[in-house]
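Beneath this line is the structure, given in structure tokens, with notes to follow.
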Amino acid sequence: MRSLLPLFNGPSKYMGTEPGTVHKDPATVSVRMALAFPDLYEVGMAYLGQKILYGIINERDAFWAERVFTPGEDVAAILTERGEPLCTLESDTPLAQMDLVGFHVTHELCYTNILHMLDLGGIPRRTEDRMDLPLGEAPLIMAGGGCTFNAEPIAPFMDFMVLGDGEEVQMRILEHIDAAKKAGHSRRETLESMRHMPGVYIPSLFDSPGAAQPPRPLREDYPHVEKAIVESMEETPFPTNHIVPFAQPVHDRLAVEIARGCTRGCRFCQAGMIYRPARERDPNTLDALIADGLEKTGYEDLSFLSLSTGDYSGLEHLFEQSFSRCRKEQVAISLPSLRVGSVSERIMELMASIRRTGATIAPEAGSQRLRDVINKGVTEEGLIAHVRKLYDRGWQQVKLYFMLGLPTETFEDMDAIVDLCLKVRDCAGKYEKRFQVTAAVSPFVPKPHTPFQWERQLTMDEVRERVNYLREKLKPHKRIKLRWHMPEMSFLEGIFSRGDRRLAPVVERAAAKGALFASWIDHMKLEPWLEAMAEEGLDPMEFLAARDLEGPLPWDHLHPGVRKSFLLTERRRAVEERLTPDCRYHTCRNCGVCNMDGRQTELEQQGKDMDIRPRVIFEHRDQCDATEESNTHATTAPEVQPVQPEPQAEAATPVEEAPAKPANPRAKPKPPSLGPLAEKAAHYRIWHAKSGLARFVSQVEMQVMLERVLRRARIPVSFSQGFHPLPRMSFGMALPVGVESEQEWFNLYLREAMPIDEFSRRIASQLPIGFDLVRVETLSLAKKQPQPVAEDYVLTFLDDGADAWMQAWETAMEQDEIPWTRQTKKGPRTMDIRPRVKHFSREGDRTLAIRFDWSEKYVNPLRLILAVLPDLTQDRFVLRKLRQWMEMPD
């Protein structure tokens, strides 16, 4: 697969040599695992779960975790055409040669991508087709992630799945496979003996026909599967040496998990039910993880992750602690998953002093009645006050998330969405033109293991009707935009999220019809799915319909710890429009997960040896002003102390004061002063080589890569002024992707002068594989610096037709003119590229030495060569730059 990189679009995504990757000698490893993400690299590299497992597994010398992603359609076509299998990135090993392939199943629309990857890897799709194969002839196939709490539509393809927290159970699985290989066990024996591990679900040991028939266990000692749980986040490892990708993922930052689980109790939220209880990491632990992570990765953006970051009990303490460090290093801090009233004024002020991007708020419903139905615990007054504080501190954009089709919704609730958007917009005053509100709406999809798992889902026509209703209502109003989720995607998600094994052939048929990347707007096609369901005799509306409260469900044998009786109680309270407060700070509702104070947990296996309970840092959230506002409406039960709270963290470390909020919010915001960070004390030109796989890193990717190299090397870079300061770095003419070079350079301003030998040592230690430091030169502080007027290259042909290619080149060079037409933004442009070739000569049987003349105009040398030799493909030669000339040589 790696030999085809010159033909791939975005080849850096398939290199496997990014900083932070782990490479081992296969001969010293006993179990090899592919962490498979069934979507594009850009999506998968943003997934924290893969980063955690990659780090934990590779800590063990005997185990090796590598990555593999769904290749782009163009890359998949090349693999198929050339007969090459899908391989892991780190070692370029065919997927079929791994011991274990584990799919991260984060949403239902990736199911066909899973089968696509198995096909490209040459692995039989169904468990039954692999069962009689020895362990060494085909890998075990597993799945993990939130969808496994009901992944019955892909159950026939999975040897086993993992439900719940993966850190501990994944290591036990690898140890088990290691022992099974050494003992010579069969695949069937290996799987059978895994059934007693908490969190391990083996679909072949359950008969689950679907429809109105309940799942039936085939082993008396394996009646159901309970999720795996880690007792405390303090005892759970969190790797900090994350892989730093060359290609930009959808979220390109250092993500640190500050807590796991959420007990706010939103009745539509599956993650809030299946990942209980809430467990927080100590701020001091997090401070050490953040410092280590930033040092090892060089990221310029930090994100605090959890299901509800604003509900972390020590958020203000943590934010101030991190702000002091990040402000000095020009690292931005992101706080996703925030809810109304969960952020104090102090945090807002600190955030405003770093950057003012758009703020995102999720009221979910427009009316207070419907917000009470879903147990959102947010009041209109609190939301308006929250937005007004944001505006007063310089925020100019707010996005509001709503769901359509929530249980009991009426068109009065739709009108309330419009009314709430107008009130939010008018927080800034009716005549403020810069303040923008975006209303993003998406259809409600009932999820398993939630109080709303029995409800019906809107049809696509009903969704479109509601969207059009909102469009008409909002059309007359300025500064409000409406965005909506594709009804077709929610339609499919609803079918598969509550589906059963009857849908497995549908997934197979849809994959065969090319229905891949269904979560991407430009790839989403509903017709293949509808055709596949019709061919299997299934009615899509059956899966969207309301379910019998007392009937069997396809996921009844999969236990997240939350009792069905608790879900029914919460459903009844929803109908009664009653709120249920957060059990971290209020009365325990006995959902079934915890076992403190003599309670009986549904997690029977683990409850015997574990203390399962909420684990919070502070008895009360440390954001007093935010807490009062957000909890006023939600407190419908007497407040109690959290059970056995963790020891409290030390007092927050002092931080520099944030700028005072502007006296006039309507005044145009001004960027903060960087002070000494923007000074220019030295100017260097850094020469480096770019060889091997590194030649597939683009110029744009290299700029981001070098900024992170400089951060890891702790170089005192000078930053530009403005809202988004950048390192003062400049580059010469871009080296084309796929071209090697012995002499590339970039110029860099420092805010503090450094000895060149120390500077060189630090830089060299942090450059990725294939990037080698050549030398460092001192420049004047002037912005304008010498540029090359000529460059020397060698062109080496790799196949047996080298002599013919060289003759074709020589023939072309005999012409007085070589016209070349290229497409530009202003249309086609034709130029004579013959003068760009100063001279050339043969160097052996396969190589041409070429000097290009850039004194009048630079032309991409790779395109120039392909224009002269149009039948040549990029996998048949290597182009390498040898030297740059600042003055034209004789």
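The values are calculated or read from the model by the stated rules, or taken from the named source; none is laboratory data. Predicted model only: the values in this text are computed from it and were never measured. Positions of Cβ are generated from backbone atoms using ideal geometry, with glycine treated the same way; all protein chains shown enter the neighbour counts. Only protein heavy atoms, including side chains, enter the accessible area calculation; ligands, DNA and RNA are left aside. Shrake-Rupley method; radii C 1.70, N 1.55, O 1.52, S 1.80 Å.
Of all residue pairs spaced 6 or more apart or on separate chains, those with beta-carbon atoms under 9 Å, a first member in region 408-423 that is without any contact (Cβ under 8 Å) to a residue 40 or more places away in the chain and a second member that is surrounded by fewer than 21 Cβ atoms within 10 Å (Cβ to Cβ) and not basic (Lys, Arg) are THR410/SER367. In this structure, ARG711 does satisfy being over 30 Å from SER3 (Cα atoms), within 24 Å of the chain's Cα centre (by Cα) and either of a type outside the set (Asp, Glu) or open to solvent by 50 Å² or more (accessible area, probe 1.4 Å) (or both). Against the criterion of being closer than 30 Å to ARG589 by Cα and of a type in the set (A, V, I, L, M), ALA288 does not qualify. If you go through region 202-237 and keep only what is part of a loop (DSSP other than H, G, I, E, B) and without any contact (Cβ under 8 Å) to a residue 60 or more places away in the chain, you end up with ILE202, LEU218, ARG219, GLU220, ASP221, TYR222. Among the residues that make up region 211-229, is at least one of them under 26 Å from ALA65 (Cα atoms), open to solvent by 10 Å² or more (accessible area, probe 1.4 Å) and at pLDDT 95 or above? No, region 211-229 contains no residue that is under 26 Å from ALA65 (Cα atoms), open to solvent by 10 Å² or more (accessible area, probe 1.4 Å) and at pLDDT 95 or above. Of the strands (runs of 3 or more DSSP E) lying entirely inside region 753-831, those carrying at least 2 residues that are aliphatic (A, V, I, L, M) and touching an Asp or Glu at 6+ places or on another chain (Cβ under 7 Å) are 790-797.
Can LEU318 be described as within 30 Å of PRO245 (Cα to Cα), assigned to a helix (DSSP H, G or I) and not small (Gly, Ala, Ser)? In short, yes.
Of all residues in region 541-555, those that are under 22 Å from LYS513 (Cβ atoms) and either among the hydroxyl-bearing types (Ser, Thr, Tyr) or touching a Gly at 6+ places or on another chain (Cβ under 9 Å) (or both) total 2. Taking the condition of a type in the set (Lys, Arg), open to solvent by 20 Å² or more (accessible area, probe 1.4 Å) and under 30 Å from ARG82 (Cβ atoms), does ARG195 pass? So ARG195 fails the test. Among the residues of this structure, VAL441 does not count as one that is open to solvent by less than 40 Å² (accessible area, probe 1.4 Å), in contact with a Cys (Cβ under 6 Å, 6 or more places away or on another chain), under 27 Å from THR263 (Cβ atoms) and not polar (S, T, N, Q).
Summed over region 319-370, the residues that are in contact with a Phe, Trp or Tyr (Cβ under 7 Å, 6 or more places away or on another chain) and in contact (Cβ under 8 Å) with a residue 60 or more places away in the chain give a count of 6.
Does ARG32 count as out of contact with any Pro (no Cβ under 9 Å at 6 or more places or on another chain) and buried (at least 20 other Cβ atoms within 10 Å of the Cβ)?
For ARG32, the condition - out of contact with any Pro (no Cβ under 9 Å at 6 or more places or on another chain) and buried (at least 20 other Cβ atoms within 10 Å of the Cβ) - is not met.
In region 538-562, the residues that are on the phi > 0 side of the Ramachandran plot form Cβ pairs under 8 Å with partners that are among the basic types (Lys, Arg) and crowded, with 19+ Cβ neighbours inside 10 Å, at six or more places apart or across chains, as follows: GLY561/LYS227; GLY561/ARG276.
So which of PRO6, PRO11 is surrounded by 19 or more Cβ atoms within 10 Å (Cβ to Cβ), more than 25 Å from ALA180 (Cβ to Cβ) and not hydroxyl-bearing (Ser, Thr, Tyr)? Going through PRO6, PRO11 in turn, the sole match is PRO11.
Yes/no matrix, rows are residues, columns are (1) more than 24 Å from ILE114 (Cα to Cα); (2) touching an Asp or Glu at 6+ places or on another chain (Cβ under 6 Å); (3) not acidic (Asp, Glu):
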position: LEU458; (1), (2), (3): yes, no, yes
position: GLU465; (1), (2), (3): yes, no, no
position: TYR469; (1), (2), (3): yes, no, yes
position: LYS473; (1), (2), (3): yes, no, yes
position: ARG483; (1), (2), (3): yes, no, yes
position: MET489; (1), (2), (3): no, no, yes
position: GLU493; (1), (2), (3): no, yes, no
position: LYS513; (1), (2), (3): no, no, yes
position: SER519; (1), (2), (3): no, no, yes
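Here PRO19 meets the list (1) assigned to a loop (DSSP other than H, G, I, E, B); (2) under 22 Å from ALA518 (Cα atoms) almost entirely, failing just condition (2). For region 58-75, a residue qualifies if it is under 17 Å from MET171 (Cβ atoms) and surrounded by fewer than 22 Cβ atoms within 10 Å (Cβ to Cβ), and the qualifying residues are ASN58, GLU59, ARG60, ASP61, ALA62. Of the residues making up region 651-701, those that are out of contact with any Gly (no Cβ under 9 Å at 6 or more places or on another chain), part of a loop (DSSP other than H, G, I, E, B), modelled with pLDDT of 75 or more and farther than 16 Å from SER324 by Cα are GLU679, LYS680, ALA681.
When region 747-769 is filtered for residues that are under 30 Å from the mean Cα position of the chain (by Cα) and aromatic (Phe, Trp, Tyr), nothing remains.
Among the residues of region 832-851, those identified as surrounded by 15 or more Cβ atoms within 10 Å (Cβ to Cβ) and in a strand (DSSP E or B) are VAL837, LYS838, PHE840, THR847, LEU848, ALA849, ILE850, ARG851. The number of residues in region 484-516 that are of a type in the set (Phe, Trp, Tyr) and either surrounded by fewer than 23 Cβ atoms within 10 Å (Cβ to Cβ) or more than 23 Å from the chain's Cα centre (by Cα) (or both) comes to 2.
Here is a yes/no grid of residues against (1) open to solvent by 20 Å² or more (accessible area, probe 1.4 Å); (2) in a helix (DSSP H, G or I); (3) farther than 25 Å from SER193 by Cβ:
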position	(1), (2), (3)
THR106	yes, no, yes
ASN113	no, yes, yes
LEU118	no, yes, no
PRO124	yes, no, no
GLU128	yes, yes, no
LEU133	yes, no, no
GLU137	yes, no, no
ILE141	no, no, no
ALA155	no, yes, no
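Here's a check for you: in region 18-29, which residue that is in contact (Cβ under 8 Å) with a residue 12 or more places away in the chain and open to solvent by 30 Å² or more (accessible area, probe 1.4 Å) is farthest from LEU767 (Cα to Cα)?
For region 18-29, the residue satisfying everything is THR28.
If you take the residues in region 566-584 that are assigned to a loop (DSSP other than H, G, I, E, B) and open to solvent by less than 20 Å² (accessible area, probe 1.4 Å), which one is farthest from PRO277 (Cα to Cα)? Break it down stepwise before answering.
In the first step, residues of region 566-584 are kept if they are assigned to a loop (DSSP other than H, G, I, E, B); the result is 576-584.
This time we only want the ones that are open to solvent by less than 20 Å² (accessible area, probe 1.4 Å), so: 579-582, 584.
Numbers: LEU579: 19, THR580: 15, PRO581: 14, ASP582: 11, ARG584: 9 Å.
My answer is LEU579.
There is no residue in region 285-297 that is crowded, with 20+ Cβ neighbours inside 10 Å, at pLDDT below 90 and touching a Lys or Arg at 6+ places or on another chain (Cβ under 9 Å). In the set VAL373, VAL378, VAL343, only one residue is at pLDDT below 90 and more than 22 Å from the chain's Cα centre (by Cα); that residue is VAL343.
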